[in-house]
Amino acid sequence: MLTQIKNLASKIAPRLIEIRRHLHSHPELSGEEYQTAAFVAGVLSSSGLHVVEGVGKTGVVGELVGNGDDKRVLAIRADMDALPIQERTQLDFASRIPGVMHACGHDVHTTVGLGVAMVLADLAGNLPGKTRFLFQPAEEIAQGASWMVKDGVMEDVSAIFGLHVFPSIPGGSIGLRYGALTAAADELEIKIFGESGHGARPHEAIDAIWIASQVITTLQQAISRTHNPLRPVVLSIGQIQGGRAPNIIADQVELRGTVRSLHRETRAQLPKWIETIVANTCNSYGAKYQVDYRQGVPSVQNDYNLTQILQAAAEEAWGSDRVQILPEPSLGAEDFSVYLDYAPGTMFRLGVGLAQAPNHPLHHPQFEVDESAIITGVVTLAYAAYKYWQQGLYSEDNLYQI
Ligand code: NI
């Protein structure tokens, strides 16, 4: 079967490069993926899939019905949105849209998703159940997966696979991880209300700027003393606003930040922990406060059983020297985790690093990929899907958390 999948993939390779370049030169921002969605829907229908457009606002779902009575539904997810970045590569298929660029490789994800759909469509006679392809919008604003889920894309899904390109892994290699891959990313807004006064007479005022600085310092110090160091939490205040003039004591300061964590239990404790520190600090100096903690996307926790399937597929296809087990998770976020509230899944990193430096990071205006990785992605995912269907029913015992 692997040989058959490899042959099918190399047959469509030129078409896939063409698709990727088309998508790359026509990027669309999060929630505005209209042309991309129409294009994706066209490719899916011409490959014989049942297609529904307008799912999750600008998303597309393609379904491939198998040839048996296996009730499981396997989902494969790709994201389609681009970033508000002016492309500065010299590629002849560089973005034609001013100020918009596929700088996070979602053009590659979409292409790989389409490639897997084409390959599996040819093998549908060998697949016992349904394979559902989710082309989601708005990953960059961490909304698209929720929109898709709201429209029912996870109904009956028993497992889900996803991928993200990674420039620091060489093109053609793959990075896998058991357990945590990315972090939960929450938003924090703190308002501190003091009392205004003359800068020369601080004792007559309540200095919101000084109290804000105490809040920040206490939060950062307390993290290292009150949380298990083996269960990371990162809190970064990225915005601070307050004050009117150099000689007026500020009566109001607003702090905004991001909070990252890997473990469910740790994450659950954070809102109360932060509120307590803010409250204690503000109360000590007579200030009032308001804390707004907004939960964003959860951490991606890769399922053990599905990651094993993916590892076996990748190693058989490419040899174990092209498959790395990633030693550390990232504290970045990925809304693939939203699907994992409904079914176990696994996401891998597809190496797209170029043989020659410089390899610019994701979200860089000169970000480029090794296009040969598209076939690596297609074969790995298509073969992993085949292996999934070969395997017996999913068992809860295989659930794995770090
Ligand atoms: Ni991305």
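Is there a residue in region 335-343 that is within 30 Å of ARG72 (Cα to Cα), open to solvent by less than 30 Å² (accessible area, probe 1.4 Å) and away from the ligand (no atom under 16 Å from the Cβ)? Yes.
Here ASP292 does not qualify as touching a Pro at 6+ places or on another chain (Cβ under 6 Å) and within 30 Å of GLU140 (Cβ to Cβ).
Take the residues of region 64-93 that are surrounded by 18 or more Cβ atoms within 10 Å (Cβ to Cβ) and more than 16 Å from the ligand (Cβ to nearest atom): which is farthest from SER146 (Cα to Cα)? Filtering region 64-93 for residues that are surrounded by 18 or more Cβ atoms within 10 Å (Cβ to Cβ) and more than 16 Å from the ligand (Cβ to nearest atom), the one farthest from SER146 (Cα to Cα) comes out as GLY66. Within region 124-144, residues that are more than 22 Å from ALA41 (Cα to Cα) have Cβ atoms under 8 Å from residues that are outside any loop (DSSP other than H, G, I, E, B) and within 16 Å of the ligand (Cβ to nearest atom) in these pairs: ALA142/ALA185; ALA142/GLY296; ALA142/VAL297, counting only partners at least 6 apart in sequence or on another chain. Which of the residues that make up region 100-132 are of a type outside the set (A, V, I, L, M, F, W, C), more than 18 Å from ILE375 (Cα to Cα) and within 16 Å of the ligand (Cβ to nearest atom)? Once the filter is applied, which keeps residues that are of a type outside the set (A, V, I, L, M, F, W, C), more than 18 Å from ILE375 (Cα to Cα) and within 16 Å of the ligand (Cβ to nearest atom), region 100-132 yields only HIS102.
The values are calculated or read from the model by the stated rules, or taken from the named source; none is laboratory data. These numbers were taken from a predicted model, which means no experiment stands behind them. Note that we place each Cβ from the backbone using ideal geometry, even for glycine, and neighbour counts take in every protein chain shown. Note: areas computed on protein heavy atoms with side chains; ligands, DNA, RNA excluded. Shrake-Rupley method; radii C 1.70, N 1.55, O 1.52, S 1.80 Å.
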